[in-house]
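Below is one structure, written out as structure tokens; the observations come after it.
The values are calculated or read from the model by the stated rules, or taken from the named source; none is laboratory data. Since the model is a prediction, treat every value here as computed from it, not as a measurement. Using ideal geometry, Cβ is built from the backbone for each residue, glycine included, and neighbour counts are taken over all protein chains shown.
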Amino acid sequence: MNGETKKDKCSLTNVIDTELEILRRHIHILRILEEDQPMGIIKLSEYSGYPQHMVRYSLRILEQEGLIRPSSRGAVTTENYSKIIKTLKMSLMDISRAADELRSLI
């Protein structure tokens, strides 16, 4: 949480903060895979520092999004990876603009 305590946070943004942390984890795991694939849950857990159950969940989401696929030696990125990453970056830019708009209203 970037050094902030729970009491320093605004309850209006709790859900957004939680979802951003999950997204950060998904992207971190994806970046590790991109650099060193194939890789299984145990190795990903060791490299990322996340518990295996969190890695397993992230892999499931990344597979549902078409970013990775299982192989006999572990997860690997798909041929759609670059296209989907482009879309993700555009979505994050839209979210950033929306956050800027909200910030300007306060």
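Quick notes on this structure:
- Contact map, segment 80-106: residues that are more than 18 Å from Arg31 (Cβ to Cβ) paired with residues that are of a type outside the set (Gly, Ala, Ser) and part of a loop (DSSP other than H, G, I, E, B), Cβ distance under 7 Å, separation 6+ or inter-chain. No pairs are found.
- 1 or more residues hydroxyl-bearing (Ser, Thr, Tyr) and touching a strand residue (DSSP E or B) at 6+ places or on another chain (Cβ under 9 Å): qualifying helices (runs of 4 or more DSSP H) within segment 2-95: 41-48
- Residue within segment 77-94 that is touching a Leu at 6+ places or on another chain (Cβ under 8 Å) and either among the aliphatic types (A, V, I, L, M) or closer than 26 Å to Thr13 by Cα (or both) present: yes
- Among the residues of segment 28-53, the one identified as closer than 19 Å to Gly66 by Cβ, among the aliphatic types (A, V, I, L, M) and without any contact (Cβ under 8 Å) to a residue 24 or more places away in the chain is Ile32.
- The residues in segment 42-78 that are acidic (Asp, Glu) and modelled with pLDDT under 95 can be counted, and the count is 1.
- Gly74 vs. criteria touching a residue at least 24 places away in the same chain (Cβ under 8 Å), on the phi > 0 side of the Ramachandran plot, surrounded by 10 or more Cβ atoms within 10 Å (Cβ to Cβ) and in contact with a helix residue (DSSP H, G or I) (Cβ under 9 Å, 6 or more places away or on another chain): yes
- Condition met for Leu102 (under 16 Å from the mean Cα position of the chain (by Cα) and assigned to a helix (DSSP H, G or I)): no
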